[in-house]
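Below is one structure, written out as structure tokens, with a few remarks after it.
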Number of protein chains: 2
Amino acid sequence: MDYFSEETSTDTVNGRIGATADPRLRLVMTGLVEHLHAFIKDVELTEAEWRVAIDFLTRTGQICSGNRQEFILLSDALGVSMLVDAINHRTSVGATETTVFGPFHVEGAPEREMGAVISLDGKGELCLYQGRVLDLDGQPVEDALVDVWSDNADGFYDVQQPGIQPQWNNRGIFRTGADGHYAFRGIRPVSYPIPDDGPVGQMLAAIGRHPWRPAHMHFRLTAPGCKPLITHIFVGGDSYLTSDAVFGVKQSLIADFLPADAPPERWQTRFDFILERLSPSD
Amino acid sequence: MDYFSEETSTDTVNGRIGATADPRLRLVMTGLVEHLHAFIKDVELTEAEWRVAIDFLTRTGQICSGNRQEFILLSDALGVSMLVDAINHRTSVGATETTVFGPFHVEGAPEREMGAVISLDGKGELCLYQGRVLDLDGQPVEDALVDVWSDNADGFYDVQQPGIQPQWNNRGIFRTGADGHYAFRGIRPVSYPIPDDGPVGQMLAAIGRHPWRPAHMHFRLTAPGCKPLITHIFVGGDSYLTSDAVFGVKQSLIADFLPADAPPERWQTRFDFILERLSPSD
């Protein structure tokens, strides 16, 4: 008889999953129960700690709204988002590495002329971004859509400040030609804290972590016949590169931001993106 | 340099915990991250599954209200509540076993005369509950408060039906005398489903589990010089004894409900509770 006991808890709970359950769901739930019970046994969770956890999860759900997703923030802060990204985007050697998508992308940004300025609020230090979109053989990728977005000089994305920032501020889409070249002018982005006035901020404070992300420009690249790529390029020298609150930094994504050759830009950076061609099995 | 990678994810995240963190919190969070990352790696969680999980947790938080705690329900349904109970109440051999407290206890129930009827709505089949409160040496425990509560014959606790059921319906506290004896008249409780119209109910349906709990009477016993005891006694023969939705059943807590000797009761049951005396170190 499989009544519950500390020793057999995992088997008892997982033994109840019905024959009708979807096989993949069964595998995921079985793994969840195994690891969740093992965690509780390892740390010998007290009843008071269990109550704190219930309260924390409840408040994390209740602070979520149309503009705020605290559970994604929690996933980010525990390295879960980066881990899921890593597992689902194991790139071939030579291809540009991925990092987290983040919560601030907006579909439908305007497609702009190559080289256009995406900073619309006149704030910040202008920077020329340029480089090429290539495949693993070094061949240019034509018709790639290079979708870019960043915070403004105050550390906020336009969607965080509707009515304050112009719509599509620091956003744009650029389409490569036959040479695979892209160029646009944005600001040199600034580091900013993830929202830390809720449960996740309280957790970070309790475990002695800061909420800051190093400055970065977001990129999403899509091109016919290629795997999509979601990544950032990080501003070299940022003081939070080694302590990104969401663990997004990879060495290969750090770029040098150098003084520009001529005004109006103050900075310039060069980064080539290497996409993987889709194989017939993809 | 400890940039994030699939291989080193746990160390990278746990390596960030600051020197100021409370040692116990550090231990709990470190264990949480280890097991959470191991789970994701074991099942190779997809991005679509991660989104389902984020949505599930968000909805679980958002349905919580003053009357409903869906995260406790989730904890119950995954065997977590019973596991925390088991770890925190390892009873000595011979002592009555514990089970989950549940969400329906109310502090301040009326203390009633020994033998009194606690069912106030006239529904259900009356049952005489009696037995003794003893210590591990078989000595009676005097001045034990026996706090009892159950659903009514429709399967609802009074707090689930304010304005429909009388206040304190199927609740009462009884104080033992020198002989340690207790007795009261309640109903023979009925099995009932945990609330299954929210995310937890959807989860149970998806994994092929039903939401039912076998019929039970709740007990909380407190007495001077003894460890408090929170438990149920279950109605022998109930069809859900082997598939309690919250895994609360233990063999030693199943009682025989026998025909009563005389009206007005229809049933009678006898159960002795064995408390542990507090040692000087408790």
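The values are calculated or read from the model by the stated rules, or taken from the named source; none is laboratory data. Just so we're clear, the structure is a prediction, and the values are computed from it rather than from any experiment. Heads up, the Cβs are rebuilt from the backbone with ideal geometry, glycines too, and the neighbour counts pull from every protein chain shown. With ligands, DNA and RNA removed, areas are computed over all heavy atoms of the protein, side chains included. Shrake-Rupley method; radii C 1.70, N 1.55, O 1.52, S 1.80 Å.
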* **Shape of the range A:73-275, Cα gyration tensor, a/c cut at 1.5** => oblate
* Which FRET efficiency value, to the nearest 0.05, is calculated for A:GLN251 and B:THR46 with the Förster distance at 25 angstrom and r the Cβ-Cβ distance? -> 0.40
* **Virtual spin-label span in nm between B:SER65 and B:ARG90, 7 Å along Cα→Cβ** => 4.2
* To do: Calculate how steeply helix A:47-62 sits against the longest principal axis of the alpha-carbon atoms of chain A, using the helix alpha-carbon long axis, and give the answer as 0 to 90 degrees to the nearest 10.
  => 40
* Quote the accessible area belonging to A:MET114 in square angstrom, nearest 10, computed with a 1.4 Å probe and with ligands, DNA and RNA left uncounted. => 80
* Asked: Accessible surface of A:ASP42 in the full protein assembly, 1.4 angstrom probe, to the nearest 10 Å²?
  -> 100
* Asked: Which whole-Hz couplings ³J(HN,Hα) result when phi for each residue of the range A:144-160 is put into the Karplus expression 6.51 cos²θ - 1.76 cosθ + 1.60, θ = phi - 60°, listed in order with x for Gly and Pro?
  -> 6, 9, 9, 9, 10, 7, 8, 6, 8, 5, 8, x, 10, 7, 4, 5, 7
* To do: Step through the residues of the range A:100-115 one at a time and calculate ³J(HN,Hα) from phi using the Karplus curve (6.51 cos²θ - 1.76 cosθ + 1.60, θ = phi - 60°), rounding each to whole Hz and writing x for Gly and Pro.
  => 4, 5, x, x, 10, 5, 10, 5, x, 4, x, 7, 10, 5, 3, x
* **Distance (nanometres) between label positions extended 7 Å along Cα→Cβ at A:ALA183 and A:ASP121** => 2.7
* Asked: Could you give, in nm with one decimal, how far B:PRO166 is from each other copy of that position, shortest first, with labels 7 Å out from Cα toward Cβ?
  -> 7.4
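At 1.4 Å probe size, put B:PHE101, A:PHE174 in order of accessible surface, largest to smallest.
On the way: B:PHE101 75, A:PHE174 0 Å².
Putting B:PHE101, A:PHE174 in descending order of accessible area: B:PHE101, A:PHE174.
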* Taking amide hydrogens as modeled 1.01 Å from N in the peptide plane, which residues meet the under 5 Å criterion relative to B:GLY172, leaving out close sequence neighbours? -> B:VAL148
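Taking the Cα centre of the protein assembly as shown as origin and charging only Cβ (+1 Lys, Arg; -1 Asp, Glu), how large is the dipole, in debye to the nearest 20?
Working: 46 positive and 78 negative charges, 105 e Å.
Charge dipole of the protein assembly as shown: 500 debye, to the nearest 20.
For n ≥ 4 DSSP H runs only, could you compute -39500 (n - 2.57) per run for chain B, divide by its residues and tell me the 222 nm figure to the nearest 500? Walk me through the numbers on the way to the answer.
On the way: 6 runs with 68 residues, N = 282.
About -7500 deg cm²/dmol.
Mind putting a number on the dipole of the range B:165-282 about its Cα centre? Charges go on the C-beta only, +1 for Lys and Arg and -1 for Asp and Glu, and I need it in Debye to the nearest 20. Don't jump to the answer; show the numbers that get you there.
Working: 12 positive and 11 negative charges, 37 e Å.
Result for the range B:165-282 is approximately 180 debye, rounded to the nearest 20.
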* Pop the C-beta distance of A:LEU25 and A:ARG266 into the FRET formula with R0 = 56 Å and round what comes out to the nearest 0.05. => 0.60
* To do: Putting +1 on Lys and Arg Cβ atoms and -1 on Asp and Glu Cβ atoms, find which of A:PHE104, A:ALA116, A:ALA262 reaches farthest to the positive end of the dipole of the range A:73-275.
  => A:PHE104
* Structure fact -> Per the C-alpha gyration tensor (a ≥ b ≥ c, the square roots of its eigenvalues), the range A:172-212 is rounded if a/c is under 1.5, else prolate if a/b beats b/c, else oblate; here it's prolate
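What is the magnitude of the charge dipole of chain B about its Cα centre, with +1 placed on the Cβ of each Lys and Arg, -1 on the Cβ of each Asp and Glu, and no other charges, expressed in debye to the nearest 20?
Its charge dipole is roughly 420 debye.
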* Structure fact -> Listed residues B:PRO195, B:PRO263, B:PRO23; largest mean-square fluctuation, Gaussian network over chain B with Cα springs below 10 Å, found at B:PRO23
* Structure fact -> The ³J(HN,Hα) series, computed from each phi in the range A:14-23 with the Karplus coefficients 6.51, -1.76 and 1.60 at θ = phi - 60°, rounded to the nearest Hz and given as x for glycine or proline, is 6, x, 7, 4, x, 5, 7, 5, 4, x
* Asked: Placing a label point 7 Å from Cα toward Cβ, how far apart in nm is B:ASP256 from its equivalents in the other copies, listed shortest first to one decimal?
  -> 8.8
* Asked: Which residue is it, in chain A, whose C-beta lies closest to the A-to-B rotation axis, and what is that distance in whole Å?
  -> A:GLY61, 1
* In terms of the Cα gyration tensor, with a ≥ b ≥ c the square roots of its eigenvalues, is the range A:21-60 rounded because a/c is under 1.5, prolate because a/b exceeds b/c, or oblate? -> oblate
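Taking the Cβ of B:GLY163 as the centre, find all other residues whose Cβ is under 15 Å away and add up their charges (Lys, Arg: +1; Asp, Glu: -1). Don't skip to the end; give the middle numbers.
On the way: positive: none; negative: B:ASP121, B:ASP154, B:ASP158.
Here the charged neighbours net out to -3.
On average, how many beta carbons from a partner chain sit within 10 Å of the beta carbon of a residue in A:199-212? Kindly include the intermediate steps, with their values, before the conclusion.
Details: counts 1, 0, 0, 0, 2, 2, 3, 8, 12, 9, 6, 2, 0, 0.
Per residue, the number of nearby Cβ atoms from other chains is 3 on average.
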* Structure fact -> Scoring only Lys, Arg, Asp and Glu (+1, +1, -1, -1) among other residues with Cβ under 12 Å from the Cβ of A:SER252 yields -1
* Round to a whole angstrom and tell me the spacing of the C-alpha centers of the range B:234-253 and the range A:169-204. => 55
* Asked: Please state the relative contact order of chain A as a whole percent: Cα pairs under 8 Å, 6+ residues apart?
  -> 21
* **Exam field: A:PRO224 pseudo-label spacings to other copies (7 Å along Cα-Cβ), nanometres** => 8.9
* Structure fact -> Reported to the nearest 10 Å², A:HIS218 has, with a 1.4 Å probe, an accessible area equal to 10
* To do: Can you tell me the relative contact order of the range B:47-176? Whole percent, Cα pairs under 8 Å, sequence separation 6 or more.
  => 23
* Of A:GLU111, A:GLU97, A:GLU49, which has the largest mean-square fluctuation in a 10 Å C-alpha GNM of chain A? -> A:GLU49
* Structure fact -> Across B:ASN152, B:ASN170, B:ASN88, the residue with the highest GNM fluctuation in chain B (Cα network, 10 Å cutoff) is B:ASN88
